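Student: Sharing a structure here in structure tokens format.
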Amino acid sequence: MRYLQRAVLLIGLPVLLLAAWWFGSAGSEDFYRPSLSSIVDAFGQTWTWEMFQQQVFPSLWRLVVGYLLAVLVGVALGVLIGTFRSVRSLLEPVLEFLRAFPPPVLVPVAILLSGIGDRTKILVIVFGCVWPVLLNTIEGVRGRDEVLSDTCRSYGITGSLRLRHLVLRAASPQIMTGARQALPLAIILMVISEMMAANEGLGFTVLQFQRGFQIPEMWSGVLLLGVIGIVLSLLFRLAERSLLGWYHGQRAGQREW
Amino acid sequence: MVAVAARTSRVTGRRFRSVTLGVLGLFGFAVALEVAPRIGVVPIDFAPPTSQILVALGEQFGESSFWTALLQTLRTWAIGLAIAMVAGIVIGVLLGSLPIVRAATATTIEFLRPIPSVALIPLVIVLYGPTVKSTLVLVVYAAFWQMLIQVVHGVADVDPVARDTALAFRLSPWARVRYVVWPTALPYVITGFRLAASVALILTITGELVIGSPGIGKEIDNAQQSNAVRTVYALIVVTGILGVLANLLTRLVERKVLSWHPSTRAEEVTVA
Amino acid sequence: MLEVKNLHKVYDGHGRRVTAVGDLTFSVPEGQFACVVGPSGCGKTTLLRVMAGLLPATSGEVRVQDTPVTAPPPGLAVVFQEYGRSLFPWLRVRENVELPLKAQGMARAERRELATEALAAVGLADAHSAYPWQLSGGMQQRVAIARAIAYQPRVLLMDEPFAAVDAQTRADLEDLVRSVWKQFGVTLLFVTHDIDEAVYLGQRVIVLSASPTTVAQDLTIDLPAERDQLTTRADPRFTELRGQVYARIQKVKAPASEGAPA
């Protein structure tokens with residue numbers, strides 16, 4: 001009985017909403033608001049394996065490469081800047097200034113500087129996503145526990161062992177916070193860089209449907225973008241759980257005591 | 001006395017050093033951007049030196065169309081943010097205080113939240129065309145989730161003892177929200193405001209750039225289409241300044257509203 | 001062997017000049033168990049940090065095994081008071097114990113063996129794969145002690161290690177430290193603010209004065225080597241020694257009233 005109740009609570013509303021959409025839009029005459037059943041039909045016909053290979057995978061590839069590069073660069077620079085006080089004082093205002101730019105304005109600049117190829121789009125994602133990671137890493141490196149630092153010094157834990165087991169791990173909750181903030185930015189930048197400057201890719205394709213008034217196809221593209229957003233956020237959560245298991249466990253423990 | 005004097009001079013000394021370094025950093029950054037195109041590290045046609053960007057910026061200040069666009073951007077941003085905040089707070093307090101509703105909506109929220117707001121771009125174009133309304137939909141959609149999540153967390157964070165106390169003294173539901181829930185949730189609301197403000201600015205500019213609704217973003221797109229490279233950069237600098245102002249403003253609000261809160265005080269200590 | 005000669009430490013860090021350690025001289029011979037007690041705020045922790053090479057002395061020197069301390073010396077291990085913060089929360093218990101050995105470049109098999117032995121010595125043979133935060137406070141401090149033992153130090157410093165655990169756990173841990181000391185034959189300097197603990201544990205108690213710190217009294221504890229919580233604490237000699245230390249600390253708490261040694 002209780003399981004049933006839980007199940008209803010979990011999927012009740014989504015099922016209800018989908019049903020409302022399905023039946024509410026059934027037989028819709030509105031050209032711009034097609035019925036859900038026609039959108040689903042269009043989805044199956046539009047997003048074939050071939051289409052995925054040609055339009056979706058290249059987009060995802062750029063997204064993943066750009067995002068991972070941004071995290072890598074952000075963590076590396078963040079450790080460097082967070083470790084040295086003077087470097088931090090020197091660079092902090094510049095970083096605050098650079099971070100304040102709304103990342104989408106990078107797209108026109110990147111087009112000017114390097115055309116509309118893969119490199120441009122990856123560059124845009126790296127440059128737009130690096131700030132949250134960088135600034136959070138700096139905070140994390142700065143804020144680590146002094147007793148742990150003392151422990152490392154007392155027991156002769158230095159060099160790369162210290163970097164791996166103290167500096168990076170201690171900053172990892174903040175690093176993940178930055179990475180979490182960067183993920184939606186990466187998706188935004190992937191989509192709009194393809195909308196503004198591309199002749200292929202997911203964003204480009206969806207906008208083409210809109211321009212060609214292929215409305216059910218366009219709706220199906222919007223759905224696909226939504227699904228990609230959901231899947232990426234689930235993947236991120238899995239990664240977070242495995243990387244920060246200790247952190248959540250520790251915090252839950254502290255609350256209990 | 002001597003100790004106090006020594007302390008003051010030392011602290012101001014350190015702060016002086018840090019401010020000097022910071023100014024030096026900004027100056028060095030500007031110089032680097034000035035010199036790099038001139039010595040050919042980057043193509044001067046596509047990456048003009050700082051001085052030329054500043055000149056173009058000055059020209060923009062003389063144009064009335066620039067000010068119209070700027071005001072439009074600020075308006076879209078403010079309206080979108082306001083709608084998202086009101087909706088986020090009202091729905092957040094409701095969800096946070098009614099566990100059954102929260103449980104029933106949890107899955108839906110988990111699915112809707114990660115949907116990228118830019119996915120809606122083609123939709124709003126066909127529904128509303130290149131208007132401010134289109135951009136507002138994106139802004140509200142993106143900023144609303146930031147607000148909602150924070151408010152729900154904030155309301156859930158209410159101390160059970162405080163809640164039981166309020167119940168024991170038979171406070172009315174409204175009084176409970178006013179005196180127990182709201183003060184606890186306030187720091188979260190402020191955090192939500194800070195995050196929502198920056199996301200809202202990003203989506204405002206995005207909407208103007210991609211959809212073509214009036215504002216600075218559209219001006220950037222126009223300038224790029226007509227190859228007015230310096231104007232592109234000058235307008236981008238304007239968006240950067242907007243971003244900096246947004247950060248300063250939200251931090252000011254944070255400090256004003258939360259001056260009593262330990263997190264703010266701790267932050268001030270580390271800043272000093 | 002641990003020597004402290006004319007040690008002097010002045011804090012200038014936060015603007016005010018505070019003399020934390022005045023003029024301190026004492027030495028602990030090889031293999032001795034010495035306890036340091038003093039009124040709260042008398043610079044015990046500062047002293048320990050200087051001895052551990054974590055903090056430079058303003059003047060004077062500390063020698064460990066006849067080598068002056070300028071950085072954390074090899075062959076010296078520290079057990080910190082804040083067990084919750086000195087263990088790596090992202091490493092399992094065994095990994096915590098092995099990490100310092102890994103830093104020395106010790107082979108895997110040897111590391112395993114030492115860690116197993118050390119964990120068995122502190123009564124945690126079964127907790128290898130737990131995370132520190134899954135253990136109680138007393139068990140966490142046992143892990144920290146195991147890590148120190150596995151490091152095979154000649155000198156072991158302990159900074160109020162049991163200040164944050166409950167009374168019963170504390171008694172167990174006290175006996176554990178005695179047995180570890182006997183089993184491994186280290187030179188042990190144990191800092192505490194608890195007079196009973198100092199007298200119960202040590203072969204010798206060094207009483208510090210209030211800040212600026214000097215040695216107020218150096219007392220040999222002539223209790224039998226076999227000690228246990230019941231009989232030792234009931235021993236009239238224990239009560240007498242404890243009374244002596246207590247009286248001395250009461251006196252040094254207010255150095256101004258009796259004329260502080262200049």
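Student: With only Lys, Arg, Asp and Glu charged, each at its Cβ (+1 for the first two, -1 for the last two), find how big the charge dipole of region C:89-152 is about the Cα centre; round to the nearest 20 debye.
Tutor: Here region C:89-152 has a charge dipole of around 120 debye.
Student: Label C:D235 and C:D166 with points 7 Å out from Cα along Cα→Cβ: what is the distance between them in nm?
Tutor: For C:D235 paired with C:D166, the spin-label model returns 2.9 nm.
Student: Using only Cα atoms, locate the centre of region C:180-224 and the centre of region A:152-206, then give the distance between them in Å, rounded to an integer.
Tutor: Each part's Cα centre sits 51 Å from the other's.
Student: Projected onto the charge dipole of the protein assembly as shown (+1 at Lys/Arg Cβ, -1 at Asp/Glu Cβ, origin at the Cα centre), which of B:P187, B:G88, B:Q52 gives the Cα projection farthest towards the positive end?
Tutor: Comparing the listed Cα positions along the dipole, B:P187 ranks first.
Student: What's the FRET efficiency of A:R119 with A:L161 using the Cβ-Cβ distance as r and R₀ = 60 Å, to the nearest 0.05?
Tutor: Calculated value: 0.95.
Student: Report, to two decimal places, the Cα Rg of the protein assembly as shown normalised by 2.2 N^0.38 Å (N = number of residues). Each step should come with its number before you reach the end.
Tutor: On the way: Rg = 32.5 Å, N = 791, 2.2 N^0.38 = 27.8 Å.
Taking the Cα Rg and dividing by 2.2 N^0.38 Å, one obtains 1.17.
Student: Another question, then. Give the interface area between chains A and B as buried accessible surface, both sides summed, probe 1.4 Å, in Å² to the nearest 100. Write down the numbers at each step before the final one.
Tutor: On the way: alone 16180 and 16490 Å², together 28180 Å².
For chain A against chain B, roughly 4500 Å² becomes buried.
Student: Okay, moving on. Kindly point out which whole DSSP H helices in chain A project their C-alpha atoms 30 angstrom or further along the helix axis while averaging a Kyte-Doolittle hydropathy of -0.5 or above. Walk me through the intermediate numbers first.
Tutor: Working: long enough: A:2-25 (34 Å, 1.20); A:57-83 (39 Å, 1.90); A:118-142 (35 Å, 0.92); A:169-196 (40 Å, 0.89); A:215-243 (42 Å, 1.41).
Sorted by number, the helices that extend far enough and score high enough are A:2-25, A:57-83, A:118-142, A:169-196, A:215-243.
Student: Give the calculated FRET efficiency between B:R170 and A:H248 to the nearest 0.05, with a Förster radius of 35 Å applied to their Cβ-Cβ distance.
Tutor: 0.40
Student: Sorted by average packing, counted as other Cβ atoms within 10 angstrom per residue and highest first, what order do A:36-43, B:60-67 take? Provide the component values of the computation, followed by the final result.
Tutor: On the way: A:36-43: 17.9, B:60-67: 12.8.
Put in order of decreasing packing, that is A:36-43, B:60-67.
Student: Here is a follow-up. If I compute solvent accessible area with a 1.4 Å probe over the protein chains, what percent of it on the protein assembly as shown is carbon and sulfur?
Tutor: Percent of accessible area from carbon and sulfur atoms in the protein assembly as shown: 62.
Student: Additional query: Treating only the Cβ atoms of Lys and Arg (+1) and Asp and Glu (-1) as charged, compute the dipole magnitude of chain A about its Cα centre; round to the nearest 20 debye.
Tutor: Working: 21 positive and 16 negative charges, 207 e Å.
Magnitude of the dipole: close to 1000 debye.
Student: For the charge dipole of the protein assembly as shown, defined by +1 on Lys and Arg C-beta atoms and -1 on Asp and Glu C-beta atoms about the Cα centroid, which residue among B:G217, C:V36, C:G22 has the Cα displaced farthest towards the positive pole?
Tutor: Of the candidates, C:G22 comes out farthest on the positive side.
Student: Using a 10 Å cut-off on Cβ to Cβ distances, tally the other chain neighbours for every residue of A:162-168 and report the average as a whole number.
Tutor: On the way: counts 2, 0, 0, 8, 3, 0, 1.
Average neighbour count from other chains, rounded to a whole number: 2.
Student: If you count the DSSP beta bridges with both ends in the protein assembly as shown, what percent of them are antiparallel, to the nearest 5?
Tutor: Numbers: 19 of 38 bridges.
About 50 percent, rounded to the nearest 5.
Student: Please work out the average accessible area per residue across the protein assembly as shown, using the 1.4 Å probe convention, and give it in Å².
Tutor: Values: 37810 Å² over 791 residues.
Accessible area per residue: 48 Å².
Student: Over chain C, calculate the relative contact order: mean separation of alpha carbon pairs under 8 Å at least 6 apart, over the residue count, as a percent.
Tutor: Working: 491 pairs, mean separation 67.6, N = 262.
In percent, rounded to a whole number, it is 26.
Student: Just to check, using Stokes-Einstein with a Kirkwood Rh over alpha carbon pairs, what's the diffusion coefficient of chain C at 25 °C and 0.890 mPa s in µm²/s?
Tutor: For the chosen part, D equals 129 µm²/s.
Student: Now for a separate question. Sorted by accessible area (1.4 Å probe), largest first, how do A:D145, C:D222 line up? Show your work: numbers first, answer last.
Tutor: Details: A:D145 45, C:D222 90 Å².
Listed by decreasing accessible area, they come as C:D222, A:D145.
Student: With N denoting the number of residues in region C:89-152, provide Rg(C-alpha) divided by 2.2 N^0.38 Å, to two decimal places. Walk me through the numbers on the way to the answer.
Tutor: On the way: Rg = 10.5 Å, N = 64, 2.2 N^0.38 = 10.7 Å.
Its radius of gyration relative to the 2.2 N^0.38 Å reference: 0.98.
Student: Let me ask something else. If packing is taken as the mean number of other Cβ atoms within 10 Å per residue, what is the order of B:48-59, B:162-173, C:49-60, highest first?
Tutor: Working: B:48-59: 17.1, B:162-173: 11.7, C:49-60: 19.2.
Sorting B:48-59, B:162-173, C:49-60 by mean packing, highest first, produces C:49-60, B:48-59, B:162-173.
Student: Here's another thing I want to ask about it. Along the Cα→Cβ direction, 7 angstrom out, place labels at A:R6 and B:Q225. What is the inter-label distance in nm?
Tutor: 5.6
Student: Translational D (Stokes-Einstein, µm²/s) of region B:67-217 at 20 °C and 1.002 mPa s when Rh comes from the Kirkwood sum over C-alpha pairs? Don't jump to the answer; show the numbers that get you there.
Tutor: Details: Rh = 16.4 Å.
Translational D for this selection: 130 µm²/s.
Student: I've got another one for you. What does the charge count around B:I83 come to, taking other residues whose C-beta lies under 13 Å from its C-beta (Lys +1, Arg +1, Asp -1, Glu -1)?
Tutor: Overall, the nearby charge balance is +2.
Student: Something else: Which value, in Å² rounded to 10, gives the accessible area of A:Y32 with a 1.4 Å probe and all protein chains present?
Tutor: 80
Student: How much mean residue ellipticity at 222 nm does the protein assembly as shown get from its helices, if each DSSP H run of length 4 or more adds -39500 (n - 2.57) and you divide by all residues, to the nearest 500 deg cm²/dmol?
Tutor: On the way: 33 runs with 525 residues, N = 791.
Result for the protein assembly as shown, helices only: -22000 deg cm²/dmol.
Student: Further, regarding this structure: Per residue of B:19-29, what is the mean number of Cβ atoms on other protein chains within 10 angstrom of that residue's Cβ?
Tutor: Numbers: counts 2, 2, 9, 8, 3, 3, 10, 7, 1, 3, 7.
Per residue, the number of nearby Cβ atoms from other chains is 5 on average.
Student: Note down the Stokes-Einstein diffusion coefficient of region A:173-242 in µm²/s, whole number, using a Kirkwood radius over alpha carbon pairs, 10 °C, and 1.306 mPa s.
Tutor: Numbers: Rh = 13.3 Å.
Roughly 119 µm²/s, to the nearest whole number.
Student: Note down the magnitude of the dipole of the protein assembly as shown about its Cα centre, charges +1 on Lys and Arg C-beta and -1 on Asp and Glu C-beta and zero elsewhere, to the nearest 20 debye.
Tutor: On the way: 70 positive and 59 negative charges, 186 e Å.
It comes to approximately 900 debye.
Student: From Cα pairs below 8 angstrom and at least 6 apart in sequence, can you work out the relative contact order of chain A, rounded to a whole percent?
Tutor: Details: 238 pairs, mean separation 59.9, N = 257.
With pairs under 8 Å counted, the relative contact order is 23 percent.
Student: While we're on this one: What net charge do the residues around B:L195 carry, taking every other residue with its C-beta under 15 Å from that of B:L195, with Lys and Arg at +1 and Asp and Glu at -1? Mind dumping the intermediate values first?
Tutor: Details: positive: A:R99, A:R180, B:R113, B:R194, B:R251; negative: B:E254.
Its environment carries a net charge of +4.
Student: Highest mean first, how do A:222-228, B:232-238, B:39-45, B:180-186 rank when packing is the count of other Cβ atoms within 10 Å averaged over residues?
Tutor: Working: A:222-228: 20.0, B:232-238: 24.1, B:39-45: 11.3, B:180-186: 18.3.
The densest-packed peptide leads the list: B:232-238, A:222-228, B:180-186, B:39-45.
Student: Hey, rough spin-label estimate for B:Y179 and C:T45, points 7 angstrom out along Cα→Cβ, what's it come to in nanometres?
Tutor: It works out to 4.0 nm between the two label points.
Student: Take peptide B:217-228, look around each residue's Cβ out to 10 angstrom, count Cβ atoms belonging to other protein chains, and average those counts. Write out the running numbers ahead of the final one.
Tutor: Details: counts 4, 0, 0, 5, 3, 0, 1, 7, 1, 0, 1, 0.
Per-residue shielding by partner chains comes out at 2.
Student: Along the principal axes of its C-alpha atoms, what lengths does region A:1-104 span, in descending order and rounded to whole Å?
Tutor: Its Cα atoms span 66, 45, 27 Å along the three principal axes.
Student: Sticking with this one: So, counting K/R as plus one and D/E as minus one, what does the shell of residues with Cβ under 15 Å around C:A52 add up to? Could you put the intermediate results ahead of the total?
Tutor: Working: positive: A:R153, C:K9, C:K44, C:R49, C:R63, C:R147, C:R154; negative: A:E146, A:D150, C:E3, C:E61, C:E82, C:D159, C:E160.
Net local charge, C:A52 excluded: 0.
Student: Among DSSP beta bridges lying fully in chain C, give the percent that are antiparallel, nearest 5. Display every interim value, and only then the final one.
Tutor: Numbers: 19 of 38 bridges.
Approximately 50 percent, going by the DSSP bridge assignments.
Student: Can I ask one more? At a Förster radius of 51 Å, what calculated FRET efficiency corresponds to the Cβ-Cβ distance of A:V227 and A:S86, to the nearest 0.05? Don't skip to the answer; put the middle values down first.
Tutor: Numbers: r = 47 Å, r/R0 = 0.93.
About 0.60, to the nearest 0.05.
Student: Further question on the same structure: Provide the per-residue ³J(HN,Hα) series for region C:129-143, in order, calculated from phi with Karplus coefficients 6.51, -1.76, 1.60 and θ = phi - 60°, each as a whole number of Hz, with x at glycine and proline positions.
Tutor: Rounded to whole hertz, the list is 9, 7, 8, x, 6, 8, 9, 6, x, x, 5, 4, 5, 4, 4.
The values are calculated or read from the model by the stated rules, or taken from the named source; none is laboratory data. The model shown is predicted, which means the values in this text are computed figures rather than measured ones. Note that each Cβ is placed from the backbone with ideal geometry, even for glycine, and that neighbours are counted across all protein chains shown. We work out accessible area using only protein heavy atoms, side chains counted, and drop any ligands, DNA or RNA first. Shrake-Rupley method; radii C 1.70, N 1.55, O 1.52, S 1.80 Å.
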